[in-house]
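Read-outs: derived from the displayed coordinates by stated rules, not from any lab. Values in this document were obtained by computation on a predicted structure and should not be read as measured data. Quick reminder, even Gly has a Cβ in these numbers, built from the backbone with ideal geometry, and neighbours come from all protein chains shown.
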Amino acid sequence: MPDAPSASAPLLDVRGLGFARDDLPLFGPLDFSVEAGEALLVQGGNGAGKTTLLRVLAGLLDGGRGEVRLRGVPAAAAARAGQVAYLGHLPGLKADLGAVENLEYLCGLLGRREGVEIDRALAIVGLAGYEDAPARNLSAGQRRRLALARLWLSPARLWLLDEPYANLDLPGIELVNRMVRAHLDDGGGALVTTHGAYAAPPVRTRLLQLERAA
Amino acid sequence: MMLAAARALVVRDLTLLWRRRGDALQPALFALLVVVLFALALGAEPAALARAAPAVLWLAVLLAGLLALDTLFRGDAEDGSLDQWLLAPVPLPWLVLVRTAMHWATTALPLLLATPLLAEMMQLPPRQLPVLMASLALGTPVLSLLGAVVAALTVGMRRAGILVALLALPLYVPVLVFGAGSVAAAAQGLDPTGALLLLGAGLALALPLAPLAAAAAIRISQS
């Protein structure tokens, strides 16, 4: 049974993944895998294709070459929806909705992890007391924390974090590291992009260095 | 799962509508403005008003819908919500359908309810009112569904503006022709059933196909 999800197969297995924009190769072909309990740190300068790589992996961007397997099962772009949680540059929050309302909507849309409550998630990211504050009144860092709460509530086992440290203060960076560690201890996996200036999460980490294509 | 996602989207849209109720009133006020101006411009001649009534009322509703069309997906594209739609474990056409249904319920439905009043203003003979209501009830969902495709096609552009109208109008013309035509036929004592059935057929076609097309366009716009 090669196509049944297996516990021993890596969470994410990528073979020969490449992406070209207007026939200009942006990156790849890349081969890497992420095991459960492991984080892959994607490093590279501006324009090296880190965001594109994550969007291709999330299935938001079609047209990549190569094969992506989730838990050993080949997963086309559309089939990866629902199995990955993606934190991008845009937090995906509605400015006129309160923090809890935003999370309730996103949980209804994306599903919610068993046994995690919205209030608890808000407390973890340090937004207790901001339950009813409209997202437009939150600072950029607080909005990012709210997006992290959404991530914490997500049932997906694989996290794709695009520059998760952006806009965060030092306790916020510590928070991201703590969340990633807890997620990995729970048997999840994570891909984290960074342009290299920030401390990496203190977990079992592999490094993928993206170079700008010549 | 699909129902939970639909419920979340409906609750969100209704909450947002309530938070911005001033904006939400704009299409209805616009339609009212068009009808009132027509009534004043055509003068106090009931016969002329009654003749023009079906076309004017249909145009008012159509233009009001067009006014609200650009906001259908643009807000969700700009704050990254569409990314999360694509990542949701439910089919994207379903989310598009729910969003479009909400759009119809918040822009066209209030106008539909106000139509008897507007029709009175235009001196529409009372026995034509049921035909007008039926044609609007069948026609406005088609307008919303076709509009969703256009809105999805232009969502990647920073300012679509007049382009939305230019793309939507040719698609809207048949709906307008049959919609206003059915009332005009009833006014001349002809049977409006044919035109209404054609509108119904259009709705039956657009209901499954338009969300698929709009979802494909959204997918392209996000890549």
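At a Förster distance of 45 Å, what's the computed FRET efficiency of B:Ile162 paired with A:Ala20, Cβ-Cβ distance as r, to 0.05? Working shown, then result.
Working: r = 34 Å, r/R0 = 0.76.
Efficiency at R0 = 45 Å is approximately 0.85.
In nm, what is the difference between 0.36 nm times the number of residues separating A:Leu207 and A:Asp185 and their Cα-Cα distance? It would help to have the intermediate numbers written out before the result.
Numbers: separation 22, 0.36 × 22 = 7.92 nm, distance 1.89 nm.
Extra length available between A:Leu207 and A:Asp185 comes to 6.0 nm.
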Those trypsin sites (Lys or Arg not before Pro) in the stretch B:125-204 that DSSP places in a loop and that have at most 11 other beta carbons within 10 Å: B:Arg158, B:Arg159
Listed residue (A:Asn102, A:Gly45, B:Leu198) projecting farthest to the positive dipole end of the protein assembly as shown, Cβ model: A:Gly45
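Arrange the following residues from fewest to most other Cβ atoms within 10 Å of their Cβ: B:His103, A:His195. Each step should come with its number before you reach the end.
On the way: B:His103 22, A:His195 15.
Placing the least packed residue first, the sequence is A:His195, B:His103.
Neighbouring Cβ atoms within 10 Å as the yardstick, rank A:Glu35, A:Glu114 fewest first.
A:Glu114, A:Glu35
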Taking the convex hull of the alpha carbon atoms in the protein assembly as shown, what volume per residue do you get, in Å³? 154
Mind putting together the pair-distance distribution for the stretch B:116-223? All Cα pairs, 5 Å bins, whole percent per bin, short to long. 2, 13, 19, 18, 16, 12, 9, 6, 3, 1, 0
Under 5 Å, built H, 5+ apart or other chain: amide partners of A:Arg206: A:Ala39, A:Leu40, A:Leu41
Under 5 Å between amide H atoms, partner at least 5 residues away or on a different chain: which partners does A:Phe27 have, H built in plane at 1.01 Å? A:Phe19
Report the Cα-based extents of chain B along its three principal axes, largest first, to the nearest Å. 56, 35, 31
Using just the helices of chain A, give the 222 nm mean residue ellipticity in deg cm²/dmol: DSSP H runs with n ≥ 4 each add -39,500 (n - 2.57), and the total is spread over all residues, rounded to 500. -8500 deg cm²/dmol
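Report, please, the projected area of chain A averaged over directions, based on the convex hull of its C-alpha atoms, in nm².
About 11.9 nm², averaged over all directions.
Which helices, taking whole DSSP H runs in chain B, have alpha carbons extending 24 angstrom or more along the helix axis plus mean Kyte-Doolittle at least 0.5? Numbers along the way, then the final one.
Values: long enough: B:2-19 (26 Å, 0.99); B:21-41 (30 Å, 1.74); B:46-69 (34 Å, 1.92); B:92-121 (42 Å, 1.16); B:129-153 (35 Å, 2.07); B:162-187 (35 Å, 2.22); B:193-221 (40 Å, 1.75).
For chain B, where a helix must reach 24 Å along its axis and average at least 0.5, the hits are B:2-19, B:21-41, B:46-69, B:92-121, B:129-153, B:162-187, B:193-221.
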³J(HN,Hα), Karplus 6.51/-1.76/1.60, whole Hz, each residue of the stretch A:13-25, x for Gly, Pro: 10, 10, 10, x, 6, x, 9, 10, 10, 6, 6, 9, x
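Hey, got the dipole for chain B? About the Cα centre, +1 on K and R Cβ, -1 on D and E Cβ, debye to the nearest 20?
Numbers: 12 positive and 10 negative charges, 50 e Å.
Using Cβ point charges on Lys, Arg, Asp and Glu, chain B gives about 240 debye.
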Looking at the stretch A:92-155, what % of the alpha carbon pairs are farther apart than 18 Å? 22
³J(HN,Hα) across the stretch A:125-141 via Karplus (A = 6.51, B = -1.76, C = 1.60, θ = phi - 60°), whole Hz, x for Gly/Pro? 7, x, 10, 4, x, 10, 3, 9, 6, x, 4, 5, 8, 7, 6, 4, x
Between B:Val177 and B:Met1, how high is the FRET efficiency from 1/(1 + (r/R0)^6) when r is the Cβ-Cβ distance and R₀ = 51 Å? Nearest 0.05. 0.80
May I ask you to order B:109-115, B:56-62 by the average number of other C-beta atoms within 10 Å around their residues, highest value first? B:56-62, B:109-115
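Quick check on the exposure proxy: order A:Tyr105, A:Tyr130 from fewest to most C-beta atoms within 10 angstrom.
Values: A:Tyr105 27, A:Tyr130 19.
Taking fewest neighbouring Cβ atoms as first place, the list is A:Tyr130, A:Tyr105.
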